[in-house]
1. Applying the selection to the range 73-95, what residues are surrounded by 16 or more Cβ atoms within 10 Å (Cβ to Cβ), among the small types (G, A, S) and part of a loop (DSSP other than H, G, I, E, B)?
2. Looking at the structure I just gave you, is I189 in a strand (DSSP E or B) and in contact with a Pro (Cβ under 8 Å, 6 or more places away or on another chain)?
3. Return the pairs, sorted by first residue and then second, in which the second residue is outside any strand (DSSP E or B) and hydrophobic (A, V, I, L, M, F, W, C), the first residue lies in the range 169-183 and is outside the structural domain of R116 (by TED's automatic domain parsing), the beta carbons are less than 9 Å apart, and the residues are 6+ apart or on different chains.
4. Would you mention how many residues in the range 192-230 are modelled with pLDDT under 75, over 22 Å from the mean Cα position of the chain (by Cα) and not hydroxyl-bearing (S, T, Y)?
5. Within the set of pairs 6+ apart or on separate chains, which have a first residue in the range 286-309 that is in the same structural domain as W173 (by TED's automatic domain parsing), a second that is outside any strand (DSSP E or B) and among the hydrophobic types (A, V, I, L, M, F, W, C), and C-beta atoms under 7 Å apart?
6. Only one of P157, P115 is assigned by TED's automatic domain parsing to the domain that holds I216, in contact with a helix residue (DSSP H, G or I) (Cβ under 8 Å, 6 or more places away or on another chain) and not charged (D, E, K, R). Can you tell me which?
7. Taking the range 17-47 as the region of interest, how many residues are of a type outside the set (S, T, N, Q) and touching a residue at least 60 places away in the same chain (Cβ under 8 Å)?
8. Can you tell me how many residues within the range 373-411 are within 30 Å of F199 (Cβ to Cβ), surrounded by 11 or more Cβ atoms within 10 Å (Cβ to Cβ), free of Cβ contacts under 8 Å to residues at least 60 places away in the same chain and not basic (K, R)?
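The values are calculated or read from the model by the stated rules, or taken from the named source; none is laboratory data. Keep in mind that what you see is a predicted model, and the values were worked out from it rather than measured. With ideal geometry, Cβ positions are generated from the backbone for all residues, glycine too; neighbour counts draw on all protein chains shown.
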Amino acid sequence: MSGWPLFTTPNRTYQIADNVSVTHGPHTFRFGGEVRRGSTDNVRNRRGQGRVQFFGGFTPEFPVIDSFGDTSSTALEDFLAGNPGGGQIFVGDSERHVHFWSFAWFVADDWRISPRLTVNLGLRYELNTVIKEDHNLLGNFDPNVDLEQVGINIKSPYNGDHNNFAPRIGIAWDPWGTSKTVFRAGAGINYEIPHISLFIGQNGVDNGTTPGLNDIPTGAIGSNIPGNIVATGINISPNWVDTSTPIFPVATATLNCDPNSGGTPCDIMGVKRNIRTPYVVSWNLNVQQAITSTTSLQVAYVGNHGTKLYSVRDINQADPALSLANGCAQFDTACEQMGRPFNAQFPFLEFINMLENGYTSSYNGLQITATQRLWHGLNFLVGYTWAHSIDDASYNRAVQPQNSFAPNLERGSSDFDVRNRFTLALTVCTPIGKILLATSRRMANQFDRDFARWHAVDSHRWFPERQRHEPDQRIRGPMESFWKPVALHAFAHRADSVF
């Protein structure tokens with residue numbers, strides 16, 4: 001059971017983009033760029049209303065024998081008996097005003113080498129700046145340093161990535177010049193634009209309470225630096241001894257992460273100092289064959305590979321072997337902190353989740369598509385895809401691996417993996433539809449002819465071109481006024497009367 005206040009508004013994104021196209025001989029050059037600024041007013045008090053946990057083993061009135069032969073209660077029995085085993089709660093103020101900038105430019109050339117061969121070349125560069133907070137209330141954790149805070153012992157929470165060049169190439173080839181058989185191939189690199197919540201809103205993790213760099217407790221008791229960030233999640237144990245105090249006593253005035261001075265080790269989530277921007281390499285190869293003048297068949301191989309994808313793991317995950325080495329009894333949960341790799345160096349920290357570039361992904365697919373353009377009132381698009389998508393985690397803010405010492409064991413089929421997919425889009429024109437279609441075409445053609453007969457003679461007069469044949473004498477009288485030039489203001493007045 002848990003809850004939290006969450007406010008991530010207002011979110012603002014300002015964007016300026018432009019591009020230019022120039023044709024010169026067989027080349028069509030395109031170049032342009034964009035500037036983007038994103039910002040958010042963010043409050044993420046995860047576990048702000050507290051979280052009560054029931055582990056089992058705290059209600060001796062309902063004993064069960066587990067696979068190890070131990071007698072204990074189940075988590076459900078503890079819940080029904082009202083015997084919590086622990087809890088988590090957020091302490092402090094997490095309100096942050098964060099922003100960052102993104103810049104990009106590109107240049108491309110569509111080069112028609114011959115009537116049968118066209119080559120597309122392109123290059124794009126992207127730069128995403130490091131996130132900033134208006135009052136420097138962002139921190140980080142470096143295992144080689146300790147806690148860090150912007151403006152105190154670091155200039156930025158992490159280092160920027162400045163080499164995001166994305167080349168692209170494509171080829172279209174008509175080998176026989178008949179426009180019936182075309183081979184196409186292409187490849188390119190696409191970089192991700194990191195979103196702010198990656199760094200201050202990792203809500204997917206389910207071990208610690210702290211979602212990001214906004215809640216590094218540099219101002220808590222036990223911190224190595226005199227920071228002013230007093231916000232983090234702490235783990236608390238129930239107090240069954242003193243009945244005059246709450247079961248979960250929490251001191252909100254002072255954040256104490258130092259167990260040597262009566263505090264509770266705090267949770268944090270840091271970012272690898274040299275974090276890199278994830279990218280995807282995509283490629284495809286296809287052949288398209290015209291079966292008839294209105295029917296075509298395309299067979300394609302499509303693939304991509306994701307590299308340096310974001311990952312989160314607990315680098316301070318408890319190691320049972322280390323707990324035993326420190327004199328703890330087997331299955332003694334009270335000794336869990338003794339088994340954490342960084343406990344000797346950082347005893348005031350419990351879960352240390354780190355954002356890294358540890359994941360990859362891959363996709364390979366065979367795509368077959370048949371297209372029928374309008375023929376006797378029928379057109380359709382039918383496709384079949386045989387594919388397999390594999391990754392370590394299918395979402396940017398996924399839960400941490402079950403075993404942070406071996407995150408590669410999470411690799412498997414993607415959550416959205418679909419091996420076989422059949423699609424059909426069909427349009428049939430009924431007899432009534434054919435009549436309506438023919439009528440609309442006739443009306444459109446008549447409008448085009450009528451509009452073409454009007455010509456502007458000056459800025460004050462408009463008139464329709466006379467018919468090449470003489471009007472029938474029987475209707476010449478009334479119709480002659482129609483053929484006379486009409487003043488512009490009269491024409492405008494008639495339009496106003498219609499609308």
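1. Result: S73, G85, S94.
2. So I189 passes the test.
3. Filtered contacts from the range 169-183: no entries.
4. Counting residues in the range 192-230 that are modelled with pLDDT under 75, over 22 Å from the mean Cα position of the chain (by Cα) and not hydroxyl-bearing (S, T, Y) gives 1.
5. Note: pairs meeting the criteria are L297/I291.
6. P157
7. 15
8. 6
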